[in-house]
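Written out below as structure tokens is the structure these notes cover.
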Amino acid sequence: MTSMFARVTTFQSARDAVDDPIRFAVQRASEGMLELPGFLGLLDLSDRKSGQAVVVTLWATKEARDASAEFARNAAKSLAEEGDEQVISVHDYEVGHSRFSDGFPAS
């Protein structure tokens, strides 16, 4: 079994801010992630009703995730400033189980 590690950052914004502006801010804040050693992917999850958004980054090793902490802090700060959002929490996890279809990711 291959281990995978995650960082989950939760943001809060106005309900109407969850559409395009937040996604653009996430795209800008995550520029450069592909060059970070051990980076596997990013998911931007949004709840349009509450205005809450969760950004999940996936990492090949705990060391890669931990080494990205400063990048993550700067990206979260940039996202909060650009998207007029508040960082609610940041948590690091080891992924216990994952399953993806052969077609994942779709884009």
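Structure data summary
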item: Residues satisfying the stated conditions in region 75-97, i.e. of a type in the set (Gly, Ala, Ser) and out of contact with any Ser or Thr (no Cβ under 7 Å at 6 or more places or on another chain); result: 78, 80, 96
item: Leading residue by the ranking (farthest from residue 85 (Cα to Cα)) among those in region 4-45 that are polar (S, T, N, Q) and at pLDDT 85 or above; result: 9
item: Subset tally (residues that are among the acidic types (Asp, Glu) and in a strand (DSSP E or B)) for region 36-92; result: 3
item: Residue in region 85-96 that is exposed (fewer than 11 other Cβ atoms within 10 Å of the Cβ), more than 17 Å from residue 12 (Cβ to Cβ), out of contact with any Lys or Arg (no Cβ under 7 Å at 6 or more places or on another chain) and not charged (D, E, K, R) present; result: yes
item: Lone unmet requirement of (1) farther than 18 Å from residue 13 by Cα; (2) under 12 Å from the mean Cα position of the chain (by Cα); (3) modelled with pLDDT of 85 or more for residue 61; result: (2)
item: Scan of region 44-67 for residues that are among the polar types (S, T, N, Q), out of contact with any helix residue (DSSP H, G or I) (no Cβ under 8 Å at 6 or more places or on another chain) and buried (at least 17 other Cβ atoms within 10 Å of the Cβ), ordered by number; result: 52
item: Within region 53-92, tally of residues that are acidic (Asp, Glu), within 15 Å of residue 26 (Cβ to Cβ) and without any contact (Cβ under 8 Å) to a residue 60 or more places away in the chain; result: 2
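The values are calculated or read from the model by the stated rules, or taken from the named source; none is laboratory data. It should be emphasised that the depicted structure is a prediction, and the values quoted were computed from it without experimental measurement. Here Cβ is always computed from backbone atoms with ideal geometry, including for glycine, and neighbour counts include all displayed protein chains.
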